[in-house]
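Structure first, then comments.
The values are calculated or read from the model by the stated rules, or taken from the named source; none is laboratory data. Note that this is a predicted model, so its numbers are computed, not measured. Glycine also receives a Cβ, built like all others from the backbone with ideal geometry; neighbour counts cover every protein chain displayed. Heavy atoms of the whole protein, side chains included, go into the accessibility calculation; ligands, DNA and RNA do not. Shrake-Rupley method; radii C 1.70, N 1.55, O 1.52, S 1.80 Å.
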Amino acid sequence: MKAFAIAGFGEEGSVSDLPVPEPTEGQLRVRVAAAGLNPFDVAVVQGYLKDHMEHRFPLVLGMDASGTVDAVGEGVEGLAVGDEVFGSVGKAYLGEGTLAEFTTVSAGTVTHKPSSFDHTVAAAIPTAGVTALNMADTLVLSNGQTVVVIGATGGVGSYFVQLAARRGARVVAVCRGENADYARGLGAADAIDYSAGDVADAVRSRYPDGIDAVADMHGDAEQLAELGEQVSSGGRVASVVGAVDIETLGARGVEGTNVQGRVTTESLEVLSGMIEAGEIVVPEIHTHPLAEAGEALAAVGTGHVRGKIVVTVR
């Protein structure tokens with residue numbers, strides 16, 4: 001099969017011929033139609049996870065996919081060959097990713113693809129959407145609360161802004177000025193251009209009585225700490241990139257959490273149901289063919305992608 005893989009950490013990677021993987025117990029093999037990219041994939045290339053997960057080289061990148069079930073491992077129920085599914089790989093090791101014509105996935109981290117979604121749309125949902133959903137649940141946002149969202153127009157941010165706005169929060173989107181209208185279209189009530197000056201100063205000027213929460217998708221610990229000082233006692237701060245100083249915030253009566261995007265069948269069904277009902281929309285999508293997977297990863301690595309990047313495999 002054709003697959004985009006790296007031979008070692010820090011390498012650019014290339015499309016090559018690799019063996020088709022076989023599903024083990026509890027797994028499915030999926031013929032991939034589209035693969036969604038995430039900052040996690042860039043972290044894998046850079047070796048940031050080498051002490052936390054097993055890596056199998058040549059390492060096929062990609063966590064999210066949409067496609068058609070091609071084979072079913074032992075113990076799998078409710079899914080059969082020919083079913084269209086989407087989700088995340090859900091494996092304890094890295095190496096058999098979704099930037100390939102075929103991949104293996106855990107049956108517990110995929111679900112049936114709604115017929116109203118094309119594969120490109122479905123591949124843009126799993127990791128980013130579930131992470132945003134976990135973030136919104138962690139921050140326990142309610143009507144009238146003010147939440148500052150750092151990285152509001154990326155993949156996770158695009159979902160989170162919508163989820164927070166639907167819960168009645170006043171969303172303050174931190175993004176580039178050119179993306180302000182996009183953020184407002186997702187439900188943000190206000191936007192701060194991080195390139196125009198100090199974000200913490202801007203928030204303090206606009207919201208002198210303080211804020212209720214901060215959602216961080218960027219990972220600047222110093223900036224997050226400065227914003228955390230403006231969160232009222234009883235408020236919450238959460239980061240998807242591990243930037244929260246839980247102890248320091250706790251001393252001020254603010255709850256801090258480093259959130260993870262654990263994809264499950266149930267969380268995918270919640271998100272797809274909301275999208276089908278028109279309650280939220282899939283972020284802006286930029287597509288690349290498998291032959292341009294390297295360029296797509298490089299774009300994700302800039303940290304400036306608006307919405308999601310999806311690699312089309314067939």
Checklist outcome for this item: Of the residues in the stretch 213-241, those that are more than 20 Å from residue 159 (Cβ to Cβ), charged (D, E, K, R) and in contact with a strand residue (DSSP E or B) (Cβ under 8 Å, 6 or more places away or on another chain) number 1
Checklist entry - Of the residues 127, 24, which single one is farther than 28 Å from residue 274 by Cβ, open to solvent by 20 Å² or more (accessible area, probe 1.4 Å) and touching a Gly at 6+ places or on another chain (Cβ under 6 Å)? => result 24
Checklist entry - Between residues in the stretch 106-121 that are open to solvent by less than 20 Å² (accessible area, probe 1.4 Å) and residues that are among the hydroxyl-bearing types (Ser, Thr, Tyr) and part of a helix (DSSP H, G or I), which pairs lie under 8 Å by C-beta distance while being six or more apart or on different chains? => result 109/265; 110/265; 111/265; 111/272; 114/272; 117/272
Item to check | Matching option when the condition is open to solvent by 30 Å² or more (accessible area, probe 1.4 Å) and in contact (Cβ under 8 Å) with a residue 40 or more places away in the chain, among 84, 77, 101 | outcome: 101
Checklist outcome for this item: Those residues of the stretch 126-140 that are out of contact with any helix residue (DSSP H, G or I) (no Cβ under 8 Å at 6 or more places or on another chain) and either free of Cβ contacts under 8 Å to residues at least 40 places away in the same chain or of a type in the set (Gly, Ala, Ser) (or both) come to a total of 1
Checklist outcome for this item: Among (1) within 26 Å of residue 241 (Cα to Cα); (2) among the aliphatic types (A, V, I, L, M); (3) open to solvent by 10 Å² or more (accessible area, probe 1.4 Å), residue 6 falls short only on (3)
Item to check | Cross-chain or 6+ apart pairs with Cβ under 8 Å, the stretch 275-300 first and within 12 Å of residue 36 (Cα to Cα) and open to solvent by 30 Å² or more (accessible area, probe 1.4 Å), then among the polar types (S, T, N, Q) and modelled with pLDDT of 95 or more | outcome: 285/120; 287/120; 287/312; 288/312; 289/312
Checklist entry - Condition test on residue 143, is it touching a residue at least 60 places away in the same chain (Cβ under 8 Å) and either open to solvent by 10 Å² or more (accessible area, probe 1.4 Å) or in a helix (DSSP H, G or I) (or both)? => result no
Checklist outcome for this item: Within the stretch 27-46, residues open to solvent by 10 Å² or more (accessible area, probe 1.4 Å) and over 19 Å from the mean Cα position of the chain (by Cα) come out as 27, 29, 31
Checklist entry - Applying the selection to the stretch 261-275, what residues are farther than 15 Å from residue 64 by Cα and not charged (D, E, K, R)? => result 270, 273, 274, 275
Item to check | Number of the exception - residue 9 against (1) touching a residue at least 60 places away in the same chain (Cβ under 8 Å); (2) in contact with a Gly (Cβ under 9 Å, 6 or more places away or on another chain) | outcome: (1)
Next on the checklist: Can you report the number of residues in the stretch 59-74 which are out of contact with any His (no Cβ under 8 Å at 6 or more places or on another chain), in a strand (DSSP E or B) and open to solvent by less than 50 Å² (accessible area, probe 1.4 Å)?
Outcome noted: 7
Item to check | Residue pairs meeting the criteria (Cβ under 6 Å; at least 6 apart or on separate chains; first farther than 9 Å from residue 149 by Cβ, in the stretch 159-185; second in a strand (DSSP E or B)) | outcome: 165/171; 169/147; 170/146; 177/193; 180/191
Checklist entry - Based on what the data block shows, is residue 96 of a type in the set (D, E, K, R), touching a helix residue (DSSP H, G or I) at 6+ places or on another chain (Cβ under 9 Å) and either open to solvent by 20 Å² or more (accessible area, probe 1.4 Å) or free of Cβ contacts under 8 Å to residues at least 12 places away in the same chain (or both)? => result no
